[in-house]
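The values are calculated or read from the model by the stated rules, or taken from the named source; none is laboratory data. The shown structure was predicted, so the numbers you read here are calculated from the model rather than taken from an experiment. All Cβ positions, glycine included, derive from the backbone under ideal geometry; neighbour counts span all protein chains shown. To get the accessible areas, we keep the full protein, side chains included, count just its heavy atoms, and leave off ligands, DNA and RNA. Shrake-Rupley method; radii C 1.70, N 1.55, O 1.52, S 1.80 Å.
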Amino acid sequence: MQHPTNSKKRALQWPLLKQKKFSEMLRLAAADWFKSKKLPTHTHMPYCLGEWEQWPSNLILPEVADYIQKQREAASEKKSPFPLHKYLHHGMSSQAMAFNLIGPLITRQDYSPLISLLKSKNVEGASEIAEAVFEYEDRKVFNEDAGQPTSIDIALKDKNGQPFIFIESKFDERAFGGCSVFGLGDCSGASPIGFEDDCFLHFIGRKYWPLMSKHGITDQLKNERQCIFAMHYQFFREILFSIEKNGTFVLLSDERSPVFSSRTGEDRRSLMPFLTSFLPEELKSRVVAISTQELVREIEHNPRHEDWIPEFKRKYAMNAL
C-alpha cells in the first residue's frame, strides 16, 4: 500500500490542470477585467456583473453587443426567441466568450480565421463559409414541438444560406449537458435501447432514439447498461442534429480545460475522445475539436482585429499565448 505522503507527492505530478485551478485562473482574469473597466459587479463575485441586464458590458466590442440586440429583436418579430443564457453577465459565460470571439468575425464579415483553422482540421467544405449565426435551431429535426428546442451555439452557412458546420462552445463548463428527465429523478438512467417506450422523451414523440438507430449509434451502445443520454445528452443531440443537416459538428473549447481538451488533443482522459469512441467509424470524421487558442492565433494574423484580440486574451487569461 502506498504511503499517504507519497500519494500527495504524486498528486502534484498530475500532468493536467485541475478544474478548480482552471476556474480560479479564469475568475481572477474576469474580475481584473471588470475592475479595469470600472464596472459594478456582484457583491460576493467580482467576476460577475451585478445584474443580468448589464450583459452588454460583458462584451468587448459595442458593435457586437449592438448586433446581438438586433438579432434578438429580429427573432422576436418572427416569434422565434433568440435565447440568451441566464448567466450571460457572468465572466465565465461560454455564450459571452463565443460572442466575444466569433462576434467580431460576423460584424466585420471576415471568416478567414475560421476557414483557415477548419481547413487545417480537414473539415469538408470549410472554404465555402460565407456567413455565421448564433443560436441556430430547427424544431423539425427532433420533433421538438414544445419548450426550448436544441440550439446550436454557432452555425456556419455557405453562400446559399445553408448551414453545414455546427459549433458548440465550451469554456468553464464541467460536462456536456445531461438529460433533465434523469436529473429531476424521473428516470432510473437505465439504457432504453430495445425498450425505447420506457424513455419519457421517446414516449412524447422526440426523435432522438430513432435517429440514434438510423445513424448506427445504438449499435455501438447495445452493451451499455446506463443510458448514454443521462450524462451526455447534449453531445449526442448536437451530433445527430449536425448529421441530419448533412454537416459537421465542431467543439470549440479551451485547451487548458481538463474536461474538454488536452494539449495533444488526443488524450483519452479528456471527454471528446471518450464520447467519439461510441460513434461508428463513418461518423467520426464528422466530429472535430478546435481550441479557442488555435482560433485566437488565426485571428491575430489579421490586422483588422488588432483593436480587440489583445483585450480578449486579457479577459480570458490567455496573455501567455
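Residue selection: Lys222 fails the criterion of being in contact with a helix residue (DSSP H, G or I) (Cβ under 8 Å, 6 or more places away or on another chain), farther than 29 Å from Pro104 by Cα, at pLDDT below 95 and among the basic types (Lys, Arg). Annotation note: of Phe182, Phe176, Phe164, the sole residue that is open to solvent by 50 Å² or more (accessible area, probe 1.4 Å) and aromatic (Phe, Trp, Tyr) is Phe182. Among the conditions (1) open to solvent by less than 20 Å² (accessible area, probe 1.4 Å); (2) of a type in the set (Asp, Glu); (3) touching a helix residue (DSSP H, G or I) at 6+ places or on another chain (Cβ under 8 Å), the only one that Glu144 does not satisfy is (3).
Quick grid of which residues meet (1) under 24 Å from Ser261 (Cβ atoms); (2) aliphatic (A, V, I, L, M):
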| site | (1), (2) |
| --- | --- |
| Gln148 | no, no |
| Asn160 | no, no |
| Ile165 | yes, yes |
| Glu168 | yes, no |
| Asp172 | yes, no |
| Gly177 | yes, no |
| Leu184 | no, yes |
| Ala190 | no, yes |
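The condition of being in contact (Cβ under 8 Å) with a residue 12 or more places away in the chain, on the phi < 0 side of the Ramachandran plot and not in a loop (DSSP other than H, G, I, E, B) holds for only one of Glu24, Glu63, that being Glu63. Taken over the stretch 45-57, residues that are open to solvent by less than 30 Å² (accessible area, probe 1.4 Å) and in contact (Cβ under 8 Å) with a residue 40 or more places away in the chain amount to 3. Please state which of the following conditions Ser36 fails to meet, knowing it meets all the rest: (1) more than 18 Å from Ser94 (Cα to Cα); (2) modelled with pLDDT under 95; (3) open to solvent by less than 70 Å² (accessible area, probe 1.4 Å). Here Ser36 clears every test but (2). Checking His85, His42 one by one, the residue that is in contact with a Cys (Cβ under 7 Å, 6 or more places away or on another chain) and open to solvent by 20 Å² or more (accessible area, probe 1.4 Å) is His42 and no other.
For the stretch 220-260, taking the residues that are open to solvent by 10 Å² or more (accessible area, probe 1.4 Å) and assigned to a helix (DSSP H, G or I), the one that is farthest from Ile102 (Cα to Cα) is identified as Gln220. Considering Ile68, Ile106, Ile152, the condition of being outside any helix (DSSP H, G or I) and open to solvent by less than 50 Å² (accessible area, probe 1.4 Å) is satisfied by Ile152 alone.
In the set (1) open to solvent by 60 Å² or more (accessible area, probe 1.4 Å); (2) in a helix (DSSP H, G or I); (3) in contact (Cβ under 8 Å) with a residue 24 or more places away in the chain, Met97 fails one condition alone, (1).
Every condition in (1) at pLDDT 95 or above; (2) open to solvent by 20 Å² or more (accessible area, probe 1.4 Å) holds for Asp198 except the one numbered (1). For Leu88, state whether it is modelled with pLDDT under 95, of a type in the set (A, V, I, L, M) and under 16 Å from Ser151 (Cβ atoms). The answer is no for Leu88. Looking across the stretch 113-128, the residues that are more than 18 Å from Val64 (Cα to Cα), open to solvent by less than 70 Å² (accessible area, probe 1.4 Å) and either in contact (Cβ under 8 Å) with a residue 60 or more places away in the chain or in a loop (DSSP other than H, G, I, E, B) (or both) come down to Ser116, Leu117, Leu118, Lys121, Val123, Gly125.
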